[in-house]
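Laboratory data are not the source of any read-out in this text; all were calculated from the coordinates shown. The structure presented is a predicted model; accordingly, all values stated were derived computationally and were not measured. Cβ placement follows ideal geometry from the backbone for every residue including glycine, while neighbour counts extend to all protein chains displayed.
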Amino acid sequence: MADLGPTEEEPHTVHKLAYFTALILTFLTACSQAPKNPMPTLTMQQTQWLGERIFANECNLKIPCLTSWNAGEDFPSLGIGHFIWYRADQQDSFVESFPALLSFYRSEGVPLPRWLEELPGQHSPWQNRAEFLADQQGERLQSLRSFLNDTRDTQVKFIMRRMQSSLPSLLANAEKPELIQSLFYEIAATDPPLGMYALIDYVNFKGEGTALSERYQGQGWGLLQVLETLSNTRDQSPLMTQFAAAARAVLARRVANSPSERAEQRWLEGWNNRTHTYESLP
């Protein structure tokens, strides 16, 4: 049969083939650029549970505990996450977090108590623990407790934001960033909301582990150190059981390295009990 040359339908067929080829390439490009390990989205009920769990960990659900100053510490701890607040010009080894919470309230359009809004700078007005305790029933601390209790949902949002934004810093300070990133996302996706709770609570509890000031004898105790410990000891047992065990190992090392005058051994049992809540949902 003689070759009659291209038919009228061939250009249209070629056009369709080019179109679908371009469509497939666009899809593949989009997939390659999308996050490979997106964080799980928690329901409102899961988020509320997470907030209650953190409040229970820090304060045993006691409203007076929302404004605390622990014996042996040189700063107050405020809110459901016991956010640290330093006075003006204070230098300490722990990362301050309450001013960042105040900024978050403002960004969310949440009005602060008047005295707090009018405070010069964002510094704690109490110069020592005795002064703070004497003011417990004063107008400032009463209004602050009420405000912190009424805005627990905003504090949960702040804590979650802090954990999720910690990953770049963790990776920048990790010896094996790809391994740490993979482990971070794997934990986050484990038994929602359990894995997210463990990451969020530990960051709020002991920090990211990237601040050089948060070191005893050159060793940190934050989430980065827990993930690195877990990456070196991982076996076939349940992931969250191993995460909790790695946290306890890091906390035991912190206590062993801590200055004797801080007497941190007294806190270790409570810290260990807290990490046990990371192992399974109630």
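Excluding same-chain neighbours fewer than eight residues apart, the aspartates and glutamates reachable from K176 by a Cα-Cα span under 14 Å are E228.
Largest mean-square fluctuation among L42, L183, L239, in a Gaussian network model of the chain whose springs join Cα atoms under 10 Å apart, belongs to L42. Fewest-first ordering of H276, H82 by other beta carbons within 10 Å of each residue's beta carbon gives H276, H82. Neighbours of W85, meaning other residues whose beta-carbon lies under 12 angstrom from its beta-carbon, give a summed charge of -3 when Lys and Arg score +1 and Asp and Glu score -1.
Whole-Hz Karplus values for segment 65-74 come out as 6, 5, 10, 10, 9, 5, 4, x, 10, 10 Hz, taken residue by residue from phi with 6.51 cos²θ - 1.76 cosθ + 1.60 and θ = phi - 60°; glycine and proline positions read x. The chain: percent of C-alpha pairs farther apart than 31 Å? Roughly 38 percent, once rounded to a whole number.
Shown here are the Rg and Dmax of the Cα trace of segment 145-222, at 14.1, 44 Å.
Of all the stretches in the chain, which is the longest one without any exposed loop site, taking GluC sites (Glu not before Pro) in a DSSP loop (any state but H, G, I, E, B) with at most 14 other Cβ atoms within 10 Å? Looking at the chain, 176-282 is the longest stretch - no exposed GluC sites (Glu not before Pro) with at most 14 other Cβ atoms within 10 Å.
Principal-axis analysis of the Cα atoms of the chain puts helix 44-59 at an angle of about 30° to the longest axis. Taking amide H as placed 1.01 Å from N in the peptide plane, the amide H of Q90 sits under 5 Å from none that are at least 5 places away or on another chain. Only helices enter the 222 nm calculation for the chain: every DSSP H run of n ≥ 4 contributes -39,500 (n - 2.57), and dividing by all residues gives -17500 deg cm²/dmol, rounded to 500. Couplings 3J(HN,Hα) of segment 153-163, computed from phi: 5, 5, 5, 4, 4, 5, 5, 5, 4, 4, 5 Hz, in residue order, whole Hz [Karplus 6.51 cos²θ - 1.76 cosθ + 1.60, θ = phi - 60°; x for Gly and Pro]. Taking trypsin sites (Lys or Arg not before Pro) as exposed when their DSSP state is a loop state and no more than 12 other Cβ atoms lie within 10 Å, the longest site-free interval of the chain runs over 63-282.
Extension gain, A172 to Q236, is 20.2 nm, computed as 0.36 nm per intervening residue step minus the present C-alpha separation. In straight-distance terms, cross-link reach from K62 covers every one of the aspartates and glutamates whose alpha-carbon lies under 13 Å from its own, apart from those fewer than eight places away in the same chain; here that gives E52. Summarising the amide proton neighbourhood of I84: residues at separation of 5 or more, or on other chains, whose placed amide H is nearer than 5 Å comprise L78, S97, F98. Computed from the alpha carbon atoms alone, the convex hull of segment 41-162 holds 111 Å³ per residue.
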